[in-house]
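Following this message is one structure expressed as structure tokens.
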Amino acid sequence: MFKITPNPPTEDLSSLASQLAIERAFAHYELPPDNTPRRRHERLTTEDVLAQIDEILQSASATAYECADNLQGSNRKLALGVVHLVDLALSRVDGLLDKQTLPA
């Protein structure tokens, strides 16, 4: 089979230039060079964690709703069901946040 586009050049990643480029890329994205996941050393309060979960659920709800707008039939009903479930979880987290912010 004839290809119009040539194969990409093979690059030796063990060269010094390649290693420096890899280190710069990892440093730019603040990734450890051994490809282990980053761990946050800061201690988050329960309220901070709940607020982050709240934001994530709001994003998930908005994404599922946007997806549902572009669907029809049973697929739309399924996406709207996901929106409903995420909204239920969001209301639970909001309730927990309200309890966290009340003075003891």
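Taken together, the values in this text are just the output of simple stated rules run on the coordinates, not laboratory data. These figures come from a predicted structure and were not determined experimentally. Using ideal geometry, Cβ is built from the backbone for each residue, glycine included, and neighbour counts are taken over all protein chains shown.
With a sphere of radius 13 Å drawn around the Cβ of Leu90, what net charge do the other residues whose Cβ falls strictly inside it have (Lys, Arg +1; Asp, Glu -1)?
Working: positive: Arg92; negative: Asp54, Glu55, Asp87, Asp94, Asp98.
Spelling it out: positives minus negatives among the neighbours equals -4.
So if each residue of separation counts as 0.36 nm, and I subtract the Cα-Cα distance between Leu20 and Leu71, what length gain in nm does that give?
Gain on stretching Leu20 to Leu71: 13.7 nm.
So for the pair Leu97, Leu85, with labels modelled 7 Å out along Cα→Cβ, what separation do we get in nm?
It is 2.2 nm.
Once you compute Rg and the Kirkwood Rh from C-alpha atoms, what is the Rg to Rh ratio for the stretch 43-104? Write out the running numbers ahead of the final one.
Values: Rg = 14.4 Å, Rh = 12.6 Å.
We get a ratio of 1.14 for the stretch 43-104.
So how far apart, in nm, are the two label points at Tyr29 and Asp12 if each is 7 Å from Cα heading toward Cβ?
Distance between label points: 2.6 nm.
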